[in-house]
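First up is the structure itself, then whatever we jot down about it.
The values are calculated or read from the model by the stated rules, or taken from the named source; none is laboratory data. Note that the structure is a prediction, hence the values are computed from the model and not measured. For neighbour counting, all protein chains shown are included, and Cβ atoms are generated from backbone atoms with ideal geometry for every residue, glycine included.
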Amino acid sequence: MGKSQETWNKKEKEKKKQKKRDEKEQKKQERKANSSKGGMDDMIAYVDEYGNITSTPPDPAKKSKIKLEDIEVSIPKQAPIDPSELIRKGSVTFFNDAKGYGFIKDQESQESIFVHANGLLEPIKEKDKVTFEVEMGMKGPNAVKVAVIKPV
């Protein structure tokens, strides 16, 4: 008869695998036996009026009603802007005809607003009083629909 194909090392590996399977099965049986005392009640948590997590349920007497309309999840809606509020007044502090850009100083906010030749309705020059609208550009506010205020 021939010698067994299994070597001593293979037998040892099989014994270790079988031992691990037995231990795993034993742990599974222990978990099943101990699971009856636990349940969903142990996992429930409550949040009190200060935002802290507690294990005690809130007092129903302190409950307050909140209207569904009062809950705001996102940014509140803005009222529509009146077109007359969009038109601003200011004076041209700098304008380069060759390069086609300049700056207008807003009369109300005193901020300097960039203006490009493409945003002009008529030609402007420095120290002109103008009306304009502001649009946000890639680098900040830009004046568009720029028109010179005619002196009376």
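Limited to segment 84-112, what total is found for residues that are part of a loop (DSSP other than H, G, I, E, B), of a type in the set (A, V, I, L, M, F, W, C), out of contact with any Ser or Thr (no Cβ under 9 Å at 6 or more places or on another chain) and modelled with pLDDT under 90?
Of the residues in that region, 0 qualify.
Can you tell which of E126, E69, E135 is part of a helix (DSSP H, G or I) and not polar (S, T, N, Q)?
Selected residue: E69, the only one of E126, E69, E135 that is part of a helix (DSSP H, G or I) and not polar (S, T, N, Q).
Scan segment 84-130 for residues that are over 21 Å from K150 (Cα atoms), without any contact (Cβ under 8 Å) to a residue 24 or more places away in the chain and not polar (S, T, N, Q) and the total you get is 4.
When residues of segment 45-66 are filtered for being of a type outside the set (S, T, N, Q), out of contact with any Lys or Arg (no Cβ under 9 Å at 6 or more places or on another chain) and part of a loop (DSSP other than H, G, I, E, B), how many remain? Total satisfying the criteria: 10.
Kindly check whether there is at least one residue in segment 116-135 that is over 15 Å from I87 (Cα atoms), in contact with a strand residue (DSSP E or B) (Cβ under 8 Å, 6 or more places away or on another chain) and among the aromatic types (F, W, Y). Scanning segment 116-135, I find no residue that is over 15 Å from I87 (Cα atoms), in contact with a strand residue (DSSP E or B) (Cβ under 8 Å, 6 or more places away or on another chain) and among the aromatic types (F, W, Y), so the answer is no. Among all residues of segment 36-44, there is none that is more than 46 Å from the chain's Cα centre (by Cα), part of a helix (DSSP H, G or I) and modelled with pLDDT under 90.
Of the numbered criteria (1) surrounded by 12 or more Cβ atoms within 10 Å (Cβ to Cβ); (2) modelled with pLDDT under 90; (3) of a type in the set (V, I, T), the one I81 fails is (1). Would you check if D59 is modelled with pLDDT of 80 or more and touching a Pro at 6+ places or on another chain (Cβ under 9 Å)? For D59, the condition - modelled with pLDDT of 80 or more and touching a Pro at 6+ places or on another chain (Cβ under 9 Å) - is not met.
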